[in-house]
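Have a look at the structure below before the remarks.
The values are calculated or read from the model by the stated rules, or taken from the named source; none is laboratory data. All values derive from a computational prediction rather than experimental measurement. Methodologically, a virtual Cβ is constructed for each residue, glycine included, from the backbone with ideal geometry; neighbour enumeration extends over all protein chains shown. Note: accessible area is taken over every heavy atom of the protein model, side chains too, but ligands, DNA and RNA are not part of it. Shrake-Rupley method; radii C 1.70, N 1.55, O 1.52, S 1.80 Å.
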Amino acid sequence: MNKKQAQKAFTLAELLITLSVIGLVAILTIPTMIENHQQKAWNTASTVFERKLEEALKSMNAQETLAGHTNTLDFVNELAKNIKINKICNNNELTSCFEEKIHWGTDSEEIEISEIKNAKNFGQENWGTENIGIQFANGVTGIIAYNPACTQDPYNNQYTGMNCIAMLYDTDGFKSSNTQLKDLRSINVNSLADKNCAFEIDGICFGAPFYPEPLTKAECEEIADQGYGNKKEACYWENDYWAGAVKTCGGKDKMPTRTDLQKIAQYIYQDWKELFPGNRKDEVAASLGFKFTTGSRFYVWSGLEESPWITYYYAFSDPDASFNGSRRNVSDMQAVCLVD
């Protein structure tokens, strides 16, 4: 009986081999599990923060305190009445509110936060205001620029006011990793310190995704006269979101083609299995800065016009993506600019 029991038992060598295999599997899988969990936490934190910021800006719009500021500091002081802020840092003290160095885009070179002085360092036009450092009560830190040319519409509860700012923010403050597409996110930042794009796919540099603010018919006609590539005869809608995207990007030729959008779709829905093992497709899309409209679906404008009043967009969905035409007054389309 004892001999039979001995024959069925594991030897010491077999136990050691089994434990070694278990240990090796743990070494290989646990870091990936932790990284996946952290990525989801960053994505969630970003979504929650931007929702609260948008609510604050909408509140300022309703109170008619959103527009009319001549500098970023005055705007931030007003913003602090609508969202909890613990600390505000002047332009020459940005690192008192934010990390000194960060990693941005596909460039491994560190960027000095002290270089991020104004909206031009965010890839925007010269707004004539200085950037301000900010620490929110929820732990998010940021560098923000205000556009004095922004407008307000207190009778429109759909107006977000997001076009009034450009902002770089860190979802977990002074903790690591201070890397774009991880804990580091942005609003209306097309490039940083004139060095990098927000994300790069197959050598194409893209700015950060955003929801464009609509232009009126008159504003649409104005940018058509200024060489943005927008046809004046196509300015029909009183809320023209595509024209708003054209203006933000600096012309329809600075907006993605069908091929450009297909590359993004390939990256999100096919390459993710190899590039981001363990992460879901929607987590990869969120890490690029895209917001989901319903479920795992979102829409992005192209720079291509099908006909007057109709413009092409790309519908990103799970599992299919398609290229379609839409009226320019649809509000749930996102935009992304091409960066030189």
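Treating only the Cβ atoms of Lys and Arg (+1) and Asp and Glu (-1) as charged, compute the dipole magnitude of the range 150-234 about its Cα centre; round to the nearest 20 debye.
On the way: 7 positive and 13 negative charges, 44 e Å.
In debye, rounded to 20, the range 150-234 gives about 220.
Convert 37 °C to kelvin, take the viscosity as 0.692 mPa s, use the Kirkwood radius over C-alpha pairs of the chain as Rh, and evaluate the Stokes-Einstein diffusion coefficient in µm²/s, rounded to a whole number. Don't skip to the end; give the middle numbers.
Working: Rh = 21.6 Å.
In µm²/s, the coefficient rounds to 152.
Rounded if a/c is under 1.5, else prolate if a/b beats b/c, else oblate: with a ≥ b ≥ c from the C-alpha gyration tensor eigenvalues square-rooted, which is the range 35-105?
It comes out oblate by the Cα gyration axes.
Report the relative contact order of the chain, percent, no decimals, based on alpha-carbon pairs under 8 angstrom and at least 6 residues apart. Could you put the intermediate results ahead of the total?
Details: 657 pairs, mean separation 48.2, N = 340.
Result for the chain is 14 percent.
Let me have the 222 nm mean residue ellipticity of the chain computed from DSSP H runs of 4+ only, each contributing -39500 (n - 2.57), with the sum over all residues rounded to the nearest 500. Numbers along the way, then the final one.
Values: 8 runs with 108 residues, N = 340.
Here the helix-only value at 222 nm equals -10000 deg cm²/dmol.
Two decimals is fine: what is log10 I(q)/I(0) at q = 0.16, 0.17, 0.19 Å⁻¹ for the range 76-173, from a Debye sum with one equal scatterer on every Cα and no solvent?
Evaluating at q = 0.16, 0.17, 0.19 Å⁻¹ gives log10 I(q)/I(0) of -0.71, -0.80, -0.97.
For the chain, set up a GNM with springs between Cα atoms under 10 Å and report which of 288, 184, 304 has the largest fluctuation.
304
Using the Cα centre of the range 95-223 as origin and beta-carbon charges of +1 (Lys, Arg) and -1 (Asp, Glu), tell me which of 145, 176, 127 is placed farthest towards the positive end of the dipole.
176
Scan around residue 334 for amide H atoms under 5 Å from its own, H built in the peptide plane at 1.01 Å from N, and keep only partners 5 or more places away or cross-chain.
For residue 334, the qualifying residues are 299, 300, 301.
What is the angle, in °, between the Cα long axis of helix 258-269 and the longest principal axis of the Cα atoms in the chain? Nearest 10 is fine, range 0 to 90.
Approximately 30 degrees, to the nearest ten.
Using unit Cβ charges (K, R positive; D, E negative) and no other charged atoms, how large, in debye to the nearest 20, is the dipole of the range 199-340 about its Cα centre? Write out the running numbers ahead of the final one.
Details: 15 positive and 22 negative charges, 44 e Å.
My answer is approximately 220 debye.
Please work out how much accessible surface residue 216 shows to a 1.4 Å probe, ignoring ligands, DNA and RNA, in Å² rounded to 10.
The value for residue 216 is about 50 Å².
Quick check on the chain: of the DSSP beta bridges with both residues there, what percent are antiparallel, nearest 5%?
Here the share of antiparallel DSSP bridges comes out near 90 percent.
What ratio of Cα Rg to 2.2 N^0.38 Å holds for the range 175-314? Write down the numbers at each step before the final one.
Details: Rg = 16.3 Å, N = 140, 2.2 N^0.38 = 14.4 Å.
Here the Cα radius of gyration is 1.13 times the empirical estimate.
Hey, can you find the accessible area per residue of the chain for me, probe 1.4 Å, expressed in square angstrom? List each step's numbers first, then the result.
On the way: 16890 Å² over 340 residues.
I get 50 Å² per residue for the chain.
Find out how many positive minus negative residues lie around residue 137, taking Lys and Arg as positive, Asp and Glu as negative, among other residues whose Cβ is under 12 Å from that of residue 137.
Values: positive: 52, 84, 87; negative: none.
Charge balance in the 12 Å sphere: +3.
Which percent of the accessible heavy-atom area of the chain goes to carbon and sulfur, probe 1.4 angstrom?
Roughly 50 percent of what the probe reaches on the chain is carbon or sulfur.
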